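Have a look at the structure below, then the notes.
Bear in mind these aren't lab numbers, they're just calculated from the coordinates by the rules spelled out. In this text, all values refer to a predicted model and were calculated from it rather than measured experimentally. Reconstructed Cβ throughout: ideal geometry from the backbone, glycine too, with neighbour counts over all protein chains shown.
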Amino acid sequence: MSRRTAAIAIVLILGSAAAPALAQLPTSGPSEQPVTFVPAAFASPYGRALIAELGRALRADADPTCLNSKAIIADQLEQRGEALLVKWGTRTMETARSYVDYEVYEKSFPASAELKGLREQPQIKRYLDIEQPIRMAKVLDFIFEQFDRYVLLNRIKIAPVSPAASGNIDVLRANPTEAAEEALDDFIETNKSPQIERFLALSEQATEATQVAIKKEQAVQAGPGTFYQGIELDLAELCIGSRR
């Protein structure tokens, strides 16, 4: 893990042998709440690309007779689908967040207040602005990949949305991670300072403290059903049924 990646500090490494589907489980920091972070991620360019893909899947797979009976026009499906995934995605990230014991985190990381203070400094704020698309993309990928897995396992009739499952190159290209990582590397290289060095060092320590604070017995048992059990009822309201 590079120092730049460690500074992002939103991914819980759970051990691929115990939970291969959840080797990387993103969550937010103590002060970053899913109820605001998830909608912001959906509003990002990558989020919009994923929602457009969701809209195409809904329009292709919704039952026309059902849509007529509910007076739903096809053009409404993308907006309704977005509201549905924001709701369930927020719930997903709240569940992921619950796997971190933040009291243990604070005890394991005495410098947490110092790191929080550094985040308010202009140079570090600029770093975090450059970094934010990476964090949002990781959260969006997790939300949609777990959704696709749940749909597949439960034989729900809707095409995959995440580029990992759909293979849609256009959506994959909309992922900002690679460009943002390069921008972060450039920023670190051209803005070397004791403040940046301290921030990166503390971010590494925060990542280690987060690993210590994971409730591993709960986290390794998590799967698509943990996050999306019951979403088929909401999808039925959009006229998406089960495969026969």
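So in the stretch 151-183, with the set limited to residues that are in a helix (DSSP H, G or I) and touching a Leu at 6+ places or on another chain (Cβ under 7 Å), which one is nearest to Ala43 (Cα to Cα)?
Val171
Conditions tested, residue by residue: (1) closer than 22 Å to Leu54 by Cα; (2) out of contact with any strand residue (DSSP E or B) (no Cβ under 8 Å at 6 or more places or on another chain); (3) among the aromatic types (Phe, Trp, Tyr).
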{"site": "Trp88", "(1), (2), (3)": "yes, yes, yes"}
{"site": "Ala96", "(1), (2), (3)": "no, no, no"}
{"site": "Ser112", "(1), (2), (3)": "no, yes, no"}
{"site": "Gly117", "(1), (2), (3)": "no, yes, no"}
{"site": "Ala159", "(1), (2), (3)": "yes, yes, no"}
{"site": "Ser162", "(1), (2), (3)": "yes, yes, no"}
{"site": "Pro176", "(1), (2), (3)": "yes, yes, no"}
{"site": "Ala183", "(1), (2), (3)": "no, yes, no"}
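Can you name every residue in the stretch 66-79 that is surrounded by fewer than 15 Cβ atoms within 10 Å (Cβ to Cβ) and either touching a His at 6+ places or on another chain (Cβ under 6 Å) or touching a residue at least 40 places away in the same chain (Cβ under 8 Å) (or both)?
Result: Lys70, single match.
From the list Asp170, Asp148, which one is surrounded by fewer than 17 Cβ atoms within 10 Å (Cβ to Cβ) and touching a helix residue (DSSP H, G or I) at 6+ places or on another chain (Cβ under 8 Å)?
Asp170
Quick one: which helices (runs of 4 or more DSSP H) lie wholly within the stretch 196-244 and hold at least 2 residues that are crowded, with 19+ Cβ neighbours inside 10 Å and touching a Ser or Thr at 6+ places or on another chain (Cβ under 8 Å)?
Where helices (runs of 4 or more DSSP H) fall fully within the stretch 196-244 and carry at least 2 residues being crowded, with 19+ Cβ neighbours inside 10 Å and touching a Ser or Thr at 6+ places or on another chain (Cβ under 8 Å), they are 224-228.
If I ask for residues that are buried (at least 20 other Cβ atoms within 10 Å of the Cβ) and not in a helix (DSSP H, G or I), which ones from the stretch 33-63 would you list?
Ala62
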